[in-house]
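J.: If you scroll down you'll find the structure; I have some questions about it.
The values are calculated or read from the model by the stated rules, or taken from the named source; none is laboratory data. This one's a predicted model, so the numbers in the text were calculated from it and none came from an experiment. With ideal geometry, Cβ positions are generated from the backbone for all residues, glycine too; neighbour counts draw on all protein chains shown.
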Amino acid sequence: MSDYRGYEGKSLEFLKQNKIKVGDTVKITTNSDNVATIMPRYEHSDDKHIVVKFKSGYNVGLEINNIKKIEYISSIDINQKKEQSPTKPKPQLPKILLLSTGGTIASKVDYRTGSVTPALSAHDLYAIVPELDNIANVDAEVLFSEYSENLTPEHWKKIAERLDSYSNSDYKGVIVAHGTDTMQYTAAFLSFALAGFPIPIVLVGSQRSSDRPSSDAASNLIAATKFIVESNTNGVFVSMHNSESDDDIACHFGTRVRKNHASKRNAFETVGGIPAFIIKQGEIIQNTKDQYFKQKQYTPKINVDTRVALVKYYPGYDPKLVYDLINHGYKAIIFEGTGLGHIGKDMYDVIKKAKETRIFLGMTSQCHDGRVNMAIYESGRDLLHLGITPLSDMISETALVKAMWALGNTKDGKVDDMMITNIASEYTE
Amino acid sequence: MSGIEIDKIGLKVGLEIHQQLATNKKLFCSCNPVESEDYPVKFFRRLRLAKSELGKYDPAAVFESSKSKLISYNANPQSSCLVEYDDEPPHNLDNDAKTTSLIIASALHSDIFSEIHVMRKIVIDGSNTSGFQRTMLVANGGYLEVEQKKIGVQSICLEEDAAKLLRDTENIREYSLDRLGTPLVEIALEPVEGTPSDIKKIALTLGRLLRVTRRVTRGIGSIRQDVNVSISGGGIVEVKGVQQLDQLEEVIMYEAKRQHGLQLIAEKLKKIQFDDLTKENIVDVTSFFASSKSKVIQKSLKDEAIIKALKIKNFAGIFGYEPYQGIRLGKELGQQVRFFGIGGIFHSDELPNYGIEKEEVEQLRKILKTEESDGFLIIAGSKDKIEFAIDAVINRIKEAKNGVPAETRAATPAGETVFLRPRPGASRMYPETDIPPIIISNNELEFAKINIPKPWDSAISDIQTKYSLNKQLSEQLFDSDYLDLFESICANKANNPNFVASILCSTITNLERRGLDATLLKPEHISRSFELLSISKITKESLEMIYESIMSGKIKSVEEFIENSSPMSEGELEHFLDDLIKNNLGIIKKQGNHSSSMLMGMAMKSLRGKVSGEKLSKLLEMKISKILEE
């Protein structure tokens, strides 16, 4: 951490002039004398104030113009690290791996600065979720530490490669700690890239960051661990709250799940059905008899080609945008059409052009639920005739990821076949 | 009070007042904090705290997090939304609440910070769904003038009120979310020396200053006083949840007595040698008590409790030593273990008792190898709790040597205090990262200054003039919970203000003094009753009966009262009075017109509320004169 984190302009100059750093305890004279500690500044704030913490624990911003005197008293090392005692494994319990990619799921707050930092040594993890200690021996590994909006298909590949390296391990399963925003994309990619993976992969996130006592991180993690240890299944799952309540966690199929709420704990929903498993008050309830992977054998295919666009059609959509995609060398377009899978007549010319350029064109629905059926109305039949592939009830985001994966792992134009073959329960039969 | 010399113990009291603001919105969302009748939304949560972040000095939080009670929340969408469910980040700080806090700070001559930071104060008893209370320091310093003396202001904070506890059982704690997030202003005053009645005067003055703003909520629970009480040489004891001013005086007196008592106990302890207390002096006596006839012990054993006994050298007579009535070390220890959900303890000074027989005590003494001069404690509790409880008891006994430990206590309705938890440290506070710092502009500061309310006495004389009330009634009205209600009732001039004021200030208070529950009588009931009175649907006399029925829980609305007591028809009334006169002809003839007041009294017994007194008296007088004329 910088000595002047968040400070700029006049306030930074003020601190430097007075030889005061973040973390220093000072005597500040304004209208009265106060002993306080200098705290980091909130990003994008003005440069007229410095932030101090009083003994009572309260922070306030003091205007530097009103500070008559500031005297150094002492400093604390705000970067100090706590020593870690190793956790003893319990030989009778199964082993699982917790692979962290970031997000707020397994992070902790620094009570002095309020900043959230990753906390992923096994020791830290047990400190946050001591219950894990009685369910499994958890090894923790930090792959990277990114908010999920910053994750790219390159990150998906790295996660998949790392998981692939554990395909023959003695782990009973792997938890992937992940930011929730794009969790469903990563889940979909892992489902296709690691089809047939022998042990369960469970993506876990939290909607309320773990710097608060009410965080859903712990209950999601406990449920995911329990699921891995007790369910005897494989597949790629997303384990998050099933309702407002903490003892009710859903385990969704990774290709069928979507984040449907911006902030609620139970933001994730299985589209077009109920969650495959529910962990309620410690009991695992199985809602499906289907195997997640449609193939038994593990056949990793971990490449990706990002030249795929997801196009949401709307009234007034300008076909020129699709011409641009063609000109930029895009290899596949997944449409989110209206209703049963429609786009307007204005688009027919550009569709023809795309088809001539051998671009894969897939149709999903922008409705939150339901199945594409292009045989019902004339416009649907027109589009079928023009060569658009209907993708039934595959979720549009899943279709996007699948197309990237299919393009990345085939050379001979078999994308169409791969797209319509059910690999990881992306289609409900 | 048995002989405590209050002015010689260095009593210092700091007041901390929490006042709800009447913004009709929550602090961080626009839900209206109204009390609900039913809760269609229900969900369960658990709160936890990462242990590694805790200092070893915060056993309260460690224990609270380790026992992880399931918390059940009850919500009604009219008074709470996803923000209260902790399922959505807080919205912007409510501007009205901010403005009010600035006005109050200005009225108290306090220095307002130009940049306010919202903080999270960790509270993991479930009273906040998030596990923390949002609070912000608005201003520092300043003073309150009380009878020409300046009482220093320490700080003024704006914060969220907590959820209301509905039930607390062994494994589940239930809250309603109606009140959660309601804006509160917290004003902490400098500790001052003075008698409990001086402190009461300060609280009254501060309360009046707040109410003059006309921006704060009135009514039960809308203002809460915490008091920090200390005596020289002792730690600061924070007492929470003093609801009424009368209780405040009692609580301070009780604390003065308790704290001085603890110092007297400490002096006694300093004179005796008790070996270093460690857990090695503890013996498991679960099997020893297996055949005990004590019902308390048998119940514990049925609940699979473990029973442990702790020997303490030279402690005979110490637990039960009572420097002031009701102040004993034994009682303090009992409160410590109750904090951990354990019923209590037995100590050697009170045994044999509670079904534990003399022989048992003697055998136990043998097992513990105690001599006559030694003392011992017995604690029963479940496996997961008993270790916490024993640690707490040992620490408390060690602390007893030093007199008064700093701790947080709760006021009881009887005016005493009980142990609540150890004092939390500053590490419980960290920034609310969901809300950027709040800048206070010069315009806002100006606005606050311009809107500093008039002093209390001129507010009183305004009321006096406007409603032609006398000074005493105006003051009573102003200090009551009913000023706003009074003004709204009198707004349409349909009721006589003097009558309204006296009903609000004396009738309702009298009913309350009789032990009836004033919380059942809602402002809507009172407004409705005056509305009905103004159109002669009910009589003046029936107001008291209506309130009495509502406050005793017999009826739930004014309409219900009317239905149950349909007014008498003219014919029925004639008939009733004729009967009355017939049965009392002798008296009437004997006493003449003077008999009317007696007969009036007899008639009112049966007719109260059904006929207006005025009408009854006229009719009766008429009938009596007629008889006398005959």
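J.: Could we say that residue B:477 is hydrophobic (A, V, I, L, M, F, W, C) and over 29 Å from residue B:212 (Cβ atoms) here?
T.: When the stated conditions are applied, residue B:477 does not pass them.
J.: What are the pairs with Cβ atoms under 6 angstrom where one residue, in the stretch A:26-39, is within 12 Å of residue B:141 (Cα to Cα) and the other, located anywhere, is buried (at least 18 other Cβ atoms within 10 Å of the Cβ)? Sequence gap at least six, or different chains.
T.: A:32/B:141; A:34/A:28
J.: I'm checking my understanding of the structure. Among residues of the stretch A:186-216 that are in contact with a helix residue (DSSP H, G or I) (Cβ under 7 Å, 6 or more places away or on another chain) and within 28 Å of residue B:83 (Cβ to Cβ), which one is nearest to the other protein chains (Cβ to nearest Cβ)?
T.: Ranking the qualifying residues of the stretch A:186-216, first place goes to A:210.
J.: Still on this model: Scan the stretch B:565-577 for residues that are surrounded by 11 or more Cβ atoms within 10 Å (Cβ to Cβ) and more than 12 Å from residue B:603 (Cβ to Cβ) and report the count.
T.: Selection size over the stretch B:565-577: 5.
J.: Using the structure shown, decide if residue B:30 is modelled with pLDDT of 95 or more, more than 9 Å from chain A (Cβ to nearest Cβ) and in a loop (DSSP other than H, G, I, E, B).
T.: Taking the combined requirement at face value, the residue satisfies it.
J.: For a quick check of your reading of the model, give me the residue pairs whose first member lies in the stretch B:320-335 and is of a type in the set (Asp, Glu), whose second is surrounded by 21 or more Cβ atoms within 10 Å (Cβ to Cβ) and assigned to a loop (DSSP other than H, G, I, E, B), with beta-carbon atoms closer than 9 Å and at least 6 apart or on different chains.
T.: B:322/B:328
J.: Check whether at least one residue in the stretch B:110-122 is under 27 Å from the mean Cα position of the chain (by Cα) and of a type in the set (Asp, Glu), and report yes or no.
T.: No - not one qualifying residue is present in the stretch B:110-122.
J.: Which of the helices (runs of 4 or more DSSP H) contained wholly in the stretch A:119-211 include at least 2 residues that are touching a strand residue (DSSP E or B) at 6+ places or on another chain (Cβ under 9 Å) and either closer than 17 Å to residue A:221 by Cβ or free of Cβ contacts under 8 Å to residues at least 60 places away in the same chain (or both)?
T.: Counting at least 2 such residues, we get A:122-128, A:183-193.
J.: Could you check the stretch A:63-90 and list, in sequence order, the residues that are modelled with pLDDT under 75 and β-branched (Val, Ile, Thr)?
T.: A:76, A:78, A:87
J.: Given A:124, A:110, A:47, which one is at pLDDT 90 or above and either under 24 Å from the mean Cα position of the chain (by Cα) or not assigned by TED's automatic domain parsing to the domain that holds residue A:209 (or both)?
T.: A:47 is the lone residue from the list that is at pLDDT 90 or above and either under 24 Å from the mean Cα position of the chain (by Cα) or not assigned by TED's automatic domain parsing to the domain that holds residue A:209 (or both).
J.: Separate question: Condition first: in a helix (DSSP H, G or I) and either among the hydroxyl-bearing types (Ser, Thr, Tyr) or at pLDDT 85 or above (or both). Now tell me which residues in the stretch B:33-72 satisfy that.
T.: Correct list: B:52, B:65, B:66.
J.: Moving on. What's the total number of residues in the stretch A:231-243 that are away from chain B (no Cβ under 11 Å), of a type in the set (S, T, N, Q) and either without any contact (Cβ under 8 Å) to a residue 24 or more places away in the chain or not in a loop (DSSP other than H, G, I, E, B) (or both)?
T.: So the answer is 2.
J.: When the residues of the stretch B:73-102 are narrowed to those that are in a helix (DSSP H, G or I) and crowded, with 21+ Cβ neighbours inside 10 Å, which ends up farthest from the other protein chains (Cβ to nearest Cβ)?
T.: B:100
J.: Having 2 or more residues that are within 30 Å of residue A:59 (Cα to Cα) and not polar (S, T, N, Q) is the bar; report the strands (runs of 3 or more DSSP E) wholly within the stretch B:353-471 that clear it.
T.: B:407-411, B:417-422, B:429-431
J.: Could you check, for the stretch B:240-250, whether at least one of its residues is at pLDDT 90 or above, among the β-branched types (Val, Ile, Thr), under 21 Å from the mean Cα position of the chain (by Cα) and under 21 Å from residue B:146 (Cβ atoms)?
T.: No, because not a single residue in the stretch B:240-250 is at pLDDT 90 or above, among the β-branched types (Val, Ile, Thr), under 21 Å from the mean Cα position of the chain (by Cα) and under 21 Å from residue B:146 (Cβ atoms).
J.: Continuing with this model, one more query. Just the residues that are part of a helix (DSSP H, G or I) and not charged (D, E, K, R), please, taken from the stretch B:567-577.
T.: Hits for the stretch B:567-577 are B:571, B:573, B:575, B:576, B:577.
J.: Quick one: how many residues across the stretch B:103-135 are more than 7 Å from chain A (Cβ to nearest Cβ) and under 22 Å from residue A:65 (Cα atoms)?
T.: 5
J.: If you check every pair at least six apart or on different chains, which have Cβ atoms under 9 Å apart with a residue in the stretch B:495-512 that is part of a loop (DSSP other than H, G, I, E, B) first and a residue that is polar (S, T, N, Q) second?
T.: Listed pairs, sorted by first residue: B:495/B:534.
J.: Could you say which residue among B:405, B:422, B:413, B:437 is in contact with an Asp or Glu (Cβ under 6 Å, 6 or more places away or on another chain) and at pLDDT below 90?
T.: B:422
J.: With β-branched (Val, Ile, Thr), crowded, with 19+ Cβ neighbours inside 10 Å and touching a Pro at 6+ places or on another chain (Cβ under 9 Å) as the only criterion, which of B:538, B:546, B:550 stands out?
T.: Only one candidate passes the filter, namely B:538.
J.: So if I check each of B:293, B:311, which one is over 20 Å from residue B:417 (Cβ atoms) and in a strand (DSSP E or B)?
T.: B:311
J.: Could you list, in sequence order, the residues of the stretch B:530-566 that are outside any helix (DSSP H, G or I) and more than 25 Å from residue B:493 (Cβ to Cβ)?
T.: The answer is B:552, B:553, B:554, B:555, B:556, B:557, B:565, B:566.
Here is a yes/no grid of residues against (1) of a type outside the set (A, V, I, L, M, F, W, C); (2) assigned to a strand (DSSP E or B); (3) away from chain B (no Cβ under 14 Å):
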site: A:245; (1), (2), (3): yes, no, no
site: A:258; (1), (2), (3): yes, yes, yes
site: A:266; (1), (2), (3): yes, no, no
site: A:273; (1), (2), (3): yes, no, yes
site: A:285; (1), (2), (3): no, yes, yes
site: A:293; (1), (2), (3): no, no, yes
site: A:297; (1), (2), (3): yes, no, yes
site: A:311; (1), (2), (3): no, yes, yes
site: A:317; (1), (2), (3): yes, no, yes
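J.: Then there's this: Go through the residues of the stretch B:168-180 one by one and say whether even a single one is among the aromatic types (Phe, Trp, Tyr) and either closer than 28 Å to residue B:476 by Cα or surrounded by fewer than 19 Cβ atoms within 10 Å (Cβ to Cβ) (or both).
T.: no
J.: Among the residues of the stretch B:444-482, which ones are aliphatic (A, V, I, L, M) and touching a residue at least 12 places away in the same chain (Cβ under 8 Å)?
T.: The answer is B:445, B:448, B:452, B:459, B:460, B:463, B:469, B:473, B:477.
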